[in-house]
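Asks: If you scroll down you'll find the structure; I have some questions about it.
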Amino acid sequence: MSGPILGIDLGTTNSLVGLVDTGFPVLIPDDEGRRILPSVVHFHPGTAPTVGESAKRARLTHPAEVIGSAKRLMGRRTADGPADSGGWGYQVRPGPDGRWGIDLPHGWTPPETIAAAILRELKRRAEAYLGRDIHRAVITVPAYFHDAQRQATKRAGELAGLTVERILNEPTAAALAYGLSRNQAGRYAVFDLGGGTFDLSILEQKEGVFRVLSTCGDTRLGGDDLDAAITEELQRRVHAELGPEAAIHSRPTLRQNAESLKIDLSQRESVQADFPFLWQGQSWSTTLDRSWLEQEASRVFANIPNLCRRALSDAGVDPADLDDVLLVGGQTRMPWIRTLASELFHQEPNTSVDPDEAVALGATIQAGMLEGSLRGVVLLDVTPLSLGIETFGGLMNVILPRNSTIPCKAGEQFTSAVDSQPGVRIKILQGERELAKDNWELGQFDLPFPPAPRGVPRVGVQFSIDADGILTVLGRDLTTGSEQTLEIRTAVDVDDVQVEAMVSQSVEHALQDMAERQWVEARLGAERAITMTRKALAILGTQVSGPEQADVARLLNAVETALRTRDPRQLKESLRALDEGTKPLADRLMSRLP
Ligand code: AMP
């Protein structure tokens, strides 16, 4: 598919959309020039949903129909833990598929539907700007989003009529926006404090690839909490000056104004808050100081230093090792937050990019790269499923684990299982299951080698995936140097639904699969022990007395019986007995060695 690709920051509080226009990434404004779209949707029975500022306004009159912060519910299963509306007036409840959703007047609604309404609005905005239809997008998600959350985001894109070309981690998008490119190897902290969430990610850029080394955060901490603290304080003052009833009734108005008071305090030392006709025709005003707000901030954001220190220690990075600290999220405009970041990381943070726009800008740069209209920036992708080969006993041997950052390379050495084996068949597998037969076969080839006793031939198998997602499997006989390669183009581009099915099957069958793997490994060990014992008997010949032979035969028989009955405990016992019982034979063999 070709055509323009949108870069979308689908945020908890706000969303933005951009595209590359005549070689430059631009964020697209609405008719009134606003680039930020509040991530709020109003579902009113009988009418089409509205999105953005107008939906936000409807919160006062129709709290149960107005959905904000739906991102907190995206892809979340009831098994992940409890969920709520994050202070909004709607109800959250489990849906038929074991996922959290929203109770709306027209019925249970999954969070993807809300996200899709926001994406549709962004798509519409971009189409109006460009004057043509758009069907492709890059969408950002928090670095800690698990697979189901990423898949839900993709589904939301599809519901909105967009093919999601890539899901990009938000800190990586921010790094792209801050202009970190291929030649700026280093380590970076991305400090992202938005309306409803805090994320601190440590990124590394090496050989043109961004890697998230660690991420810590709090999905329930952000500027909204400071707005709530301001509301509390205003309400306390109204209570003291106008009485309890006034305090209860004026709360929504106070809440509505708290955010702009907070924003003003980023510019000024003190602000006067005027509320005309607040209660029964009575106007009211009060003054808030920056020093008071900073005190509140140190209480509300008390956990941020711990989270930052944890992210640094998880990544094994010292603040002195950081090349830059990038600020993202509207709340980082607050001077107190900037000072906090500089104290935590022992350096002045980089504020050269608008913190509200960094993620969307990065998504747009990535979109431009995919489109081919921007060059010189890294591409980033991960393997959707594990890749490996089949080994003895029909087991999956993983070489490149799922979520390996592309480009990547890894290899392993193997040997033969039986004497005089003429070669090996290398079967390339993809999937998360323990047994080869349950994974998908991507291809196979034979690598012949000269006959030799088992365990002597050495075969190296290497998997490498280049920046275009092409997998090359190399098999080499390390003794003769002869080699074979196979190129596979379908290893990275896998249908999401299939990926999701594979992952959920592996979770479903985890215990059973593991038991099967353990059994196969034990069986292979037992077969090896049987072969070794028979060999020892043959070599020693008449040196083994009749009663000794009978003893060993009995022990071998017990192992063979355990193999037939598939009883792991019995197999372990009989192997231990065989091991004990054949010690004298092993000693005699050893003494024959020169
Ligand atoms: P985001 O989720 O990144 O869009 O961030 C939105 C949050 O940033 C909201 O809580 C806003 O109130 C807050 N915010 C935006 N601008 C400022 C500012 N100048 N000072 C303080 N907070 C701000």
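Asks: Hey, what D do you get for segment 1-102 in µm²/s if you plug the Kirkwood alpha-carbon radius into Stokes-Einstein at 25 °C and 0.890 mPa s?
Replies: For these conditions, the coefficient is 159 µm²/s.
Asks: Got a sec to turn the phi values of segment 336-350 into Karplus ³J(HN,Hα) couplings, 6.51 cos²θ - 1.76 cosθ + 1.60 with θ = phi - 60°, whole Hz, x for Gly and Pro?
Replies: Result, rounded to whole Hz: 4, 5, 4, 5, 4, 4, 5, 5, 5, 10, 6, 6, 5, x, 7.
Asks: If you project the alpha carbons of the chain onto their three principal axes, what span does each projection cover, largest first, in Å?
Replies: If we take the Cα atoms of the chain, the spans are 113, 54, 54 Å.
Asks: Something else about it: So between residue 60 and residue 232, what do we pick up on full extension, going 0.36 nm a residue minus the alpha carbon distance?
Replies: 60.2 nm
Asks: Round to the nearest 0.05 the FRET efficiency obtained for residue 266 and residue 163 when R0 = 41 Å and r is the Cβ-Cβ distance.
Replies: The computed FRET efficiency comes out at 0.55.
Asks: Normalise the Debye intensity by I(0) for segment 383-457, one equal point scatterer per Cα, no solvent, then take log10 at q = 0.15 Å⁻¹ and round to two decimals.
Replies: Log10 of I(q)/I(0), two decimals: -0.55.
Asks: In degrees from 0 to 90, rounded to the nearest 10, what is the angle of the helix 546-565 Cα long axis to the longest principal axis of the chain?
Replies: 30
Asks: For segment 192-231, which semi-axes, largest first and in whole Å, follow from the square roots of 5 times the eigenvalues of its Cα gyration tensor?
Replies: The three semi-axes for segment 192-231 are 30, 8, 5 Å.
Asks: Hey, with R₀ at 41 Å, roughly what FRET efficiency would residue 528 and residue 79 work out to, going by the Cβ-Cβ distance, to 0.05?
Replies: For R0 = 41 Å, the calculated efficiency reads 0.50.
Asks: Return an integer: the convex hull volume of the alpha-carbon atoms of segment 453-594, in Å³ per residue.
Replies: 164
Asks: Something else about it: Which ³J(HN,Hα) values, rounded to whole Hz and listed in residue order, are derived for segment 243-259 from phi using the Karplus coefficients 6.51, -1.76 and 1.60 in 6.51 cos²θ - 1.76 cosθ + 1.60 with θ = phi - 60°, glycine and proline given as x?
Replies: Per-residue couplings from phi come out as x, x, 5, 4, 4, 5, 6, 8, 3, x, 5, 5, 4, 4, 9, 4, 4 Hz.
Asks: Given 239, 281, 223, which one lies farthest toward the positive end of the charge dipole of segment 223-300, if we put +1 on the Cβ of every Lys and Arg and -1 on the Cβ of every Asp and Glu?
Replies: Going by the Cα projections, it comes out as 281.
Asks: If you restrict to DSSP beta bridges whose two residues both lie in the chain, what percentage is antiparallel, to the nearest 5?
Replies: Close to 85 percent.
Asks: Right, here's the next one. Could you give the length gained by full extension between residue 348 and residue 277, i.e. 0.36 nm per residue of separation minus their alpha carbon distance, to one decimal place?
Replies: 21.1 nm
Asks: While we're on this one: Hey, what's the Kirkwood Rh for segment 354-488 if you take every pair of different alpha carbons, in angstrom?
Replies: Taking the inverse mean of 1/r over all distinct Cα pairs, segment 354-488 comes out at 16.8 Å.
Asks: Also: Quick one: if the Förster radius is 25 Å, what FRET efficiency do residue 550 and residue 518 give, using the C-beta to C-beta distance and rounding to 0.05?
Replies: The pair residue 550/residue 518 has a calculated efficiency of 0.20.
Asks: Another question, if that's okay. Which whole-number percent is the relative contact order of segment 387-495 (Cα, under 8 Å, 6+ apart)?
Replies: 25
Asks: If a/c stays under 1.5 just call it rounded; otherwise compare a/b with b/c (prolate if a/b is bigger, oblate if not). Do that for segment 223-300, with a ≥ b ≥ c from the square roots of the Cα gyration tensor eigenvalues.
Replies: Taking the square roots of the gyration eigenvalues as a ≥ b ≥ c, segment 223-300 is prolate.
Asks: Taking 0.36 nm per residue of separation and subtracting the Cα-Cα distance, what length does fully extending residue 576 through residue 483 add?
Replies: 29.4 nm
Asks: Just want the ordering: 535, 123, from fewest to most Cβ atoms lying within 10 Å of their own Cβ.
Replies: Going from sparsest to densest Cβ surroundings: 535, 123.
Asks: If you put +1 on each Lys and Arg Cβ and -1 on each Asp and Glu Cβ, how big is the dipole of segment 387-495 around its Cα centre, in Debye rounded to 20?
Replies: 300
Asks: Hey, rough spin-label estimate for residue 458 and residue 495, points 7 angstrom out along Cα→Cβ, what's it come to in nanometres?
Replies: Label at residue 458, label at residue 495, 4.3 nm between them.
Asks: For residue 482, what residues show an amide H to amide H distance below 5 Å, using hydrogens built from the backbone and excluding near sequence neighbours?
Replies: So residue 482 has HN proximity to 477.
Asks: Whole percent per 5 Å bin, from 0 to the bin with the longest distance: what is P(r) over all C-alpha pairs of segment 247-379?
Replies: Result, from short to long distances: 2, 8, 13, 14, 15, 13, 11, 9, 7, 5, 2, 1, 0 percent.
Asks: Can you run phi through the Karplus equation (6.51, -1.76, 1.60; θ = phi - 60°) for segment 4-17 and list ³J(HN,Hα) in whole Hz, with x for Gly and Pro?
Replies: x, 10, 8, x, 10, 9, 9, x, 5, 9, 10, 10, 9, 9
Asks: What distance in nm separates the two pseudo spin-label positions at residue 412 and residue 540, each 7 Å out from Cα along the beta-carbon direction?
Replies: Inter-label distance under the simple model: 3.5 nm.
FYI, it's all coordinate maths here, none of it is from the lab. What you see is a predicted model; the values in this text were computed from it and never measured. FYI the Cβ positions are ideal-geometry reconstructions off the backbone, even for glycines, and counts take in every protein chain you see.
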